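The values are calculated or read from the model by the stated rules, or taken from the named source; none is laboratory data. Owing to the predicted nature of the structure, the values given are computational and were not obtained by experimental measurement. Ideal geometry is used to build each Cβ from the backbone, glycine not excepted, and the neighbour counts take in all protein chains shown. These area figures cover heavy atoms from the full protein model, side chains too; ligands, DNA and RNA do not enter into them. Shrake-Rupley method; radii C 1.70, N 1.55, O 1.52, S 1.80 Å.
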Amino acid sequence: MPNENKLSFEDAMTKLEQIVDKLEEGDVPLEEAIIFYKEGMELSKLCHDKLKSVEEQLTQIITEDGRTENFSVAEEE
């Protein structure tokens with residue numbers, strides 16, 4: 001598999017969907033299925049990590065004087 005860290009989130013999701021489709025068809029020999037499964041798990045983790053990173057970036061806002069603060073939405077009671 002090419003260097004996963006260079007994959008965009010969208011590319012990783014596309015590859016993951018292709019793997020899921022292949023495995024759901026059921027025509028894959030066991031040895032290949034195991035390889036696809038491992039690759040799928042790596043892609044899943046990559047996507048999760050990328051989403052987590054973006055989420056962390058979005059939870060901070062930059063104040064007018066350049067400081068960063070955690071962003072939170074006040075819940076209505």
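Quick one: count up the residues across the stretch 32-70 that are open to solvent by less than 80 Å² (accessible area, probe 1.4 Å), modelled with pLDDT of 80 or more and among the hydrophobic types (A, V, I, L, M, F, W, C).
6
Search the stretch 7-29 for residues that are surrounded by 14 or more Cβ atoms within 10 Å (Cβ to Cβ) and pair each with any residue that is assigned to a loop (DSSP other than H, G, I, E, B) and not acidic (D, E) when their beta-carbon atoms are under 8 Å apart and the residues are at least 6 apart or on different chains.
The qualifying pairs are K15/L7; K22/V28.
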